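Asks: Before anything else, here's the structure in question.
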Amino acid sequence: MKNKSDVSVFGILITLFGGVLWGFSGVCGQYLFEIKGLSADWLVPYRLFFAGVLLVIFYVLRSPSIALAPLKNPANYLPFAIYGILGLMMTQYSYFYAIELSNAAVATVIQYSAPALILVIACYLERRVPRVCEFVALVLAMLGVTLLATHGDLSRLVVSPAALFWCAVSVAGVAVYNFAGAGLMSRYPVGLVLGWGMVFGGLVLAIFTRPWGLPGVSDFSGFAALVSVVFFGTVLAFSFYMTGVKLVGASKASMIAAIEPVSAAVFGHFWLGTSFVFLDFAGFALIISCIFLLAKKEK
């Protein structure tokens, strides 16, 4: 049996990979929005639904009895509704919609205040104060993301009330899906819970946005970007991240996933030609320091 240290290292690494894939997905989304002229109303419901279907199909082929087990217990319906709709769906939609109302920098900075909320909730549930390493890592992560998104100019955070509202919804959604799925994941595989949560969330969102009536991808590059968002940035990224939450805890996982803006910046540079300044590299250093700090074995 693996010891606790090995499990912790694996949890940190798999959470890290999830954050990297989220960054890649973000660049693919930026490409679809800016180059292909798509919208969150079209992208997010398809992203959630198809990613969820792929995960469920995997378990149907692997073990049909396990795949359908969550649906056979009516007691699971409310937890799935909270996890899939108030958690996964609202996080994804509100984040992308906030980008449409303001810009990616503002939405990213505000969404990455989620670790603070998650840490507060985790400490309350565990009846403890934050450990020194958790508090320092949180500060480093927040400073790093802020530098990357604003270059130290906080005046860039001037947003409309609507954009601020949807950013706040996104932060709340991150906290919800970090904690709401814990009970379900203790009884069923992480990927299966994630899959059904995405299916429910995608279907509910599609009822409101009706993406089939909106402009979509029409060429190979757009389709490839959509597939990347669905498979790499959703199926794999969320599966890796939620596995990390199960192994290392929600507060640590949320801070480790702060590698996402670093990943997005790197992919954006080599793909879309995004340029960097000194403060970008300072932000990279702060976020990577956060990851190493959390990876350090606690005494």
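The values are calculated or read from the model by the stated rules, or taken from the named source; none is laboratory data. On a predicted model such as this, the values are computed, not experimentally measured, just so you know. Ideal geometry is used to build each Cβ from the backbone, glycine not excepted, and the neighbour counts take in all protein chains shown. Calculation scope for accessible area: heavy atoms of the full protein, side chains included, ligands and nucleic acids excluded. Shrake-Rupley method; radii C 1.70, N 1.55, O 1.52, S 1.80 Å.
Asks: Given the -39500 (n - 2.57) contribution per DSSP H run of 4+ residues, what per-residue ellipticity at 222 nm results for the chain, rounded to the nearest 500 deg cm²/dmol? Can you show the working numbers first?
Replies: Details: 16 runs with 221 residues, N = 299.
Computed ellipticity for the chain at 222 nm equals -24000 deg cm²/dmol.
Asks: With the dipole of the chain worked out from charges on the C-beta (+1 for Lys and Arg, -1 for Asp and Glu) around the Cα centre, which of C28, F238, S263 lies farthest toward the positive end?
Replies: F238
Asks: Let me ask something else. Which of A282, Y188, F49 sits closest to the plus end of the dipole of the chain, meaning its Cα is farthest towards the positive end, when Lys and Arg get +1 and Asp and Glu get -1 on the C-beta?
Replies: Value: Y188.
Asks: Applying a 10 Å radius around every beta-carbon, put 38-46, 256-264 in order of their mean neighbour count, most first. Present the calculation step by step, with values, prior to reporting the outcome.
Replies: Numbers: 38-46: 22.4, 256-264: 25.3.
Packing order, densest peptide first, comes out as 256-264, 38-46.
Asks: Based on alpha-carbon positions alone, could you give the equivalent ellipsoid semi-axes of the chain from the gyration tensor, as √(5λ), descending, whole Å? Could you put the intermediate results ahead of the total?
Replies: Values: eigenvalues 145, 135, 62 Å².
After diagonalising the Cα gyration tensor, the semi-axes are 27, 26, 18 Å.
Asks: Express the carbon and sulfur contribution to the solvent-accessible surface of the chain as a percent, rounded to the nearest whole number, probe 1.4 angstrom. Numbers along the way, then the final one.
Replies: Details: 10100 of 14040 Å².
It is 72 percent, rounded to a whole number.
Asks: Need the C-alpha centroid separation for segment 44-72 versus segment 168-188, integer Å.
Replies: Rounded to whole Å, the Cα centres lie 18 Å apart.
Asks: Tell me, what is the per residue accessible area of the chain in Å², probe radius 1.4 Å? Mind dumping the intermediate values first?
Replies: Details: 14040 Å² over 299 residues.
It amounts to 47 Å² per residue over the chain.
Asks: Considering lysine pairs in the chain that are 8 or more places apart or on different chains, how many have Cα atoms under 30 Å apart?
Replies: So the count of such lysine pairs works out to 17.
Asks: Over the chain, what is the relative contact order in percent, taking alpha-carbon pairs closer than 8 angstrom and at least six residues apart?
Replies: 44
Asks: Here's something else I'd like to know. Of S63, F165, S251, which is farthest towards the positive pole of the chain's charge dipole, taken about the Cα centre with +1 and -1 on the beta-carbons of Lys, Arg and Asp, Glu respectively?
Replies: S63
Asks: Run the dipole for the chain about the Cα centre, Lys and Arg Cβ at +1, Asp and Glu Cβ at -1, nothing else charged, and hand back the magnitude in debye, nearest 20.
Replies: For the chain, the charge dipole is close to 1020 debye.
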